[in-house]
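Following: one structure in structure tokens, then a few remarks.
Bear in mind that the values in this text are calculations on the coordinates, not laboratory data. Because the structure is predicted, anything quoted here is derived from the model rather than measured. Reconstructed Cβ throughout: ideal geometry from the backbone, glycine too, with neighbour counts over all protein chains shown.
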Amino acid sequence: MTVKQEWAMTPPTVTAIIDGIRVTVPPGTLIIRAAESIGIEIPRFCDHPLLEPAGACRQCLVEIAEPGPDGKLRPYLKPQTSCSMVLTEGMVVRTQVTSKVAERAQRGIMELLLINHPLDCPVCDKGGECPLQNQAMTTGQADSRFTEAKRTFEKPLTLSTEILLDRERCILCQRCTRFSDQISGDPFIELQERGARSQVGAFDPEVLDFDGYAPTGLAAEDESGRPFSSYFSGNTIQICPVGALTSAGYRFRARPFDLVASPSIAGHDSSGSAIAIEHRRGKVLRVLAGNDPEVNEEWITDKDRFAFPWSSLDDRITRPLVRGEDGELREATWPEALARAADGLREAVSGARSKGVGVLPGGRVTLEDAYAYQKFARVVLGTNDVDARSRIAGDEEEAFLGSRVAGSGLGVTFADLEAAPVVALIGFEPEDEGGVVFLRLRKARGRQKVFTFAPFVSRGNAKLDATLVPTVPGLEGAALDSIRRGSGTVGDVFDGLSQEGAVLVVGERLAGVPGGFTAAVALADRTGARLAWIPRRAGERGAVEAGALPGLLPGGSSAQSAEAREGVARVWGVSGLPLAPGRAAYDILGLASSGGLSGLVVGGLTLSDLPKTLANGIAKAPFLVSLEVRLSDVTAHADVVFPVAPSSEKAGTFVNWEGRLRPFTAALQTSALSDHRVLDMLAREMGVTLGTPTVEAVTAELARIPIDDSLRPPPPSASGPSAAEAARRAKATTLATWHALIDQGSLQDGEPFLAGTARVPVARMSPATVAALGIEGRVLKVSGPGRGTISLPLAVTPGMVDGVVWLPMNSPGSTVARTLGVAHGDTVSVKGSES
Amino acid sequence: MTRADVPFVSNLPRKGAAGRFFAPVAGFGVTMRNIFRRPKTEQYPRQKLPTEPRYHGRHQLNRHPDGLEKCIGCELCAWACPADAIYVEADSNTPEAQYSPGERYGSVYQINYLRCIFCGLCIEACPTRALTMTNDYELQGPTREGLIYEKQDLLAPLAPGMLLAPHPMVPGTTDADYYRGDVTQAVRKQIDWVRENRPDDPSLPEVHHG
Amino acid sequence: MGLEESMPSFLTGTVEDVVGWARGASIWPVTFGLACCSIEMMATGGPRFDIARIGSEVFRSSPRQADLMIVAGRLSQKMAPVLRQVYDQMSEPKWVLAMGVCASSGGMFNNYAIVQGVDHVVPVDIYLPGCPPRPEMLLGALMAIKEHAKKTPLGAHRREIAKAVEEAALAALPTSEMKGLLR
């Protein structure tokens, strides 16, 4: 290698002098960052590393001199903002450390900022963790020369039911407006007015002072009727450098210095976002976003941030419950409840008329809990009937998970998703089902092409500038196949996916589409695109890794392989594992509802997500053991209920969709036990050593499970709907549905302010379909094969695939599975109505 | 020369001959001097001597002249407390339940007198002079719970012109007017509000007929 | 265990009163000064406050001759067994007064070295706040102990009360589930 080549390979740098110290940084580095790199902190408010520079607060003024064309240093006439200027070659910067001018300028700006800032630190939520307060104390002046009356506003302005704005505290740094514009794409707050009256506000006719123009369309989707409709609005509170933005739930409830922050992992979606749970004397007061550049950066969804009160509601179970002689649940001691559960399960497993026991851990379990559930099923109950997927899930998905996902370690990552030139989304709605996945995709907007296989471009996809590949629900497989074959007008999807680094994202809804996973795998193999499976619930990937699926053992090997069973049995120290093929969750529940099971062991299962016929299976099970945090539809039918800990009160590991282990410890020290500990005690009561008393024990055992790629189940191979079926569907009205991020989920209970930021549930149809079906009136009545009907306001959506109606899955007034008993891709009948 | 070689010399003045003669019984001098004096014994609890005026006794949560509470629930007292004896929870004032001027009030206020060391740092920290100390020192009890004083145990008694909170602020005033001392007593509208919402309130002034 | 334990219950009504009066009228404390509070305790024994006025004639250095233990000062973990031993050496009936916040709850010394209240080691009858309490406060607490001693039940009553106390303790909320300042 020649010297010249070496020179060409070193990355270019610029060298400058800050406060007399020579600093070398990559070109494009802001002065404020370059100063940070040598340990000089320049005060700032508006600057945020993840937002575009704005130079709005002017606090970071420094003195700058730059070499002119003749090489002579030419000082700028006035101090410049270091947060918005890039360091250039030969620049000489003098910060407040060495420059009197910069120091005086910063002092002056601080005095100006404080002129209209109220002295209400004792009642302000930010007091104690406030950058303005801190810098006023360290570098501000003790006295103010301003004796006039301070500017006041009516306070607080409710931007949404959750977000409140105190404008008089605002220093107009525009972090919130820039976040809404650049990061979340919901620019519903903006700077208004001029001069001394400058203020941040929503697009509210009253504030804007131009009546006659109120936003319609997108903003009107907010249930509260206020226009700041964003799933990520809580982040603006956290990045606000003063206490101008507050949340209704936390406002005035505590002071920051009184709170203990415990780092943890969010359990509301499969992203595994880093969070900090802030609590005081055993009570969680708020949740803040953690900083994990590899996963969620510094952002979390509002659901992760605000939906925590559910675990401390009044219906929390603190002691075991057993069903007494009178048929009512009563409190019992642990030994009594364990004995009752052990007797009942023993009878159900090996009694005279035993038909077997099924295990449904639910999709929110930790890796350790999922492992304990499946080991309990296979070792204690002697069955493969264990399935953590409490949703439509077939053998095809299981084959996909076994062959492509389980035990594959870190696959596609957030960084890969951001760097991908092309991303195709199938059965996956990033904003509603992905949380911070959406923010990563949006970060790549402009350099990335997003294709979405959906019936219409949702608001989230519109913010990603996604290209719609019009797809009838239930025929996603056919759409993928047609792309693989290169037919139709969608050739650029194929070309795009063939690019280096392209990613094909499949969501949980594809499990309900026959032939969907087969087609996705075939397309990925053909184009070379990488596959990423992004489920909705936090525990699903962990359950796959732990083998809490009927056909999968821990480590991803097939339960049908004798060699795999032997390997796992050796680690577990048992003579053998059950042979009979297991059943998926829906089949287990179906069997139970027809009286085909003797018992059920159920974890955190939500019945509202299930069709009524299957939910009845819970009631019909002769013996039901429930491990729950709160009283629920399941515990109402249970014979024995064991209280278990929510994720804030236990240690464990979530595995996020990337396959990244996200371990967390208990934020609150309570006496509540983890599922794996309860199952361990129950197994001991039944005379079996499960070996899952602690997280450490499970981790150690999981590490010894052999992983052998040759023992994986075969890849999925299922055919999609036949041509005749497809033709029949083309004539009928097909249902498209998914869960909105903020809906009626049981983990969002007890937070009315968050519920108010949900989007108004509407039924969507294309104009052509509305015309073709002759629908009149503002309300659409949708009915399925059963008797239930869902009536929602009709939103005529241009560009939507014809013959499709969209409903939110589990929103107020629209519980699709429970009311209609149908799922994504099923046919429904619709009719219009006036009310 | 080592230390041990220095001879001992007492610093006490040497006594004369008489002094040396009475030395063995000199100790009784103190007894003799005091035997005819009146006893100084305080006859507590029959006779309670007043403390110094700035004695640090039990706390008191003060009220504004119209009866609204001065405490805004800012928790600065809890923060200042070196013994972690104070626990405060704040909440938002609402039009239906206005406890203090402004937006925020202390909904839970507890002082654990089995932790409190009566140092007075909480008093210094209080930005609204809501928390002060009285001269009352008679505290003791058989249980730990009994010595955690709640807000109702600490609130100052109502002075004339005061109305029991919650009730609205004096119409047309802001919290700043309260802090400036412009509010001097409960006004007609506040009394009417309380009469309408809590007719049986003991702090209501008696209605004069005729 | 004395005569009163085996007495028939119809007698105890009046015997209780007489014995209680006698006990309450002369409660002799054992010296257990641990820290600054004991200075105030000594002052209470001095002429200005004169503890003898209320029958606590003299501080005994021998626990066997004392009725009351005034724990004055913070109890360190190392001192705890000694305190318990002295308490065990006192003859029944006996009472404990936790003088000052450190003895009552650990006070401002919420750390590994200090027992967070002597009630972790011995049963406490009266807690006395203050850092340190004034001698008047100690006298007040002594009067409270006196009232308490006067009402000490005997025989069957004693067993009843012991049973009730036991049941209340079993039904009490565990510390781990307490909220607020009690946690």
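Rounded to the nearest 10 degrees, the inclination of helix A:695-704 to the longest alpha-carbon principal axis of chain A is 70 degrees.
Peptide B:131-141 shows a mean partner chain C-beta count of 4 within 10 Å per residue C-beta. Summing charges over neighbours of B:LYS151, with a neighbour being any other residue whose Cβ is under 11 Å away from its Cβ, gives -4 when K and R count +1 and D and E count -1. A protection proxy built from the mean count of other Cβ atoms within 10 Å ranks the segments A:368-378, A:693-703, most packed first, as A:368-378, A:693-703. Net charge in the neighbourhood of A:CYS46 (other residues with Cβ under 12 Å of its Cβ; Lys, Arg +1, Asp, Glu -1) is +2.
Other chains' Cβ within 10 Å of B:101-110 residues: what's the mean?
Working: counts 0, 2, 7, 7, 2, 1, 2, 2, 0, 3.
If you average over the peptide's residues, the count of other-chain Cβ atoms is 3.
For the stretch A:335-445, the extents of the C-alpha atoms along the principal axes are 62, 30, 23 Å, listed from largest to smallest. In terms of Cα atoms, the Rg and Dmax of the stretch A:571-728 work out to 19.1, 59 Å. What the pair-distance distribution of the stretch B:59-205 shows, using all Cα-Cα distances binned every 5 Å from zero, is 2, 10, 19, 21, 19, 14, 9, 5, 1, 0 percent.
Over all pairs of different C-alpha atoms, the protein assembly as shown has a mean inverse distance whose reciprocal, the Kirkwood radius, equals 36.0 Å.
Packing-wise, with mean Cβ within 10 Å as the measure, how do A:103-116, A:394-407 rank, highest first? Walk me through the intermediate numbers first.
On the way: A:103-116: 17.9, A:394-407: 23.5.
Peptide ranking by packing, descending: A:394-407, A:103-116.
Taking Cβ atoms as reference points and 15 Å as the exclusive limit, the residues near A:LYS375 contribute a net charge of -2, counting Lys and Arg as +1 and Asp and Glu as -1.
Cut-off under 23 Å on the C-alpha distance; same-chain residues fewer than 8 positions from A:LYS72 excluded. Which lysines are left, in chain and number order? Correct list for A:LYS72: A:LYS100. Of all lysines in the structure, the ones whose alpha carbon falls short of 21 Å from that of A:LYS355, not counting any fewer than 8 places away in one chain, are A:LYS375, A:LYS620.
A straight Cα-to-Cα reach below 22 Å connects B:LYS48 with the lysines B:LYS40, C:LYS146, residues fewer than 8 places away in its own chain not being considered. Secondary structure note: in chain A, about 60% of the DSSP beta bridges are antiparallel.
Based on DSSP H runs of at least 4 residues, each adding -39500 (n - 2.57), what is the mean residue ellipticity at 222 nm of chain B after dividing by all its residues, to the nearest 500 deg cm²/dmol? Please report the intermediate quantities before stating the final value.
On the way: 7 runs with 44 residues, N = 210.
Roughly -5000 deg cm²/dmol at 222 nm, from the helical runs in chain B.
Ranked by the mean number of other Cβ atoms within 10 Å of their residues, highest first, the peptides A:521-530, B:24-33 fall in the order A:521-530, B:24-33.
Unpaired cysteine residues in chain B (no second Cys Cβ under 4.7 Å): B:CYS71, B:CYS74, B:CYS81, B:CYS116, B:CYS119, B:CYS126.
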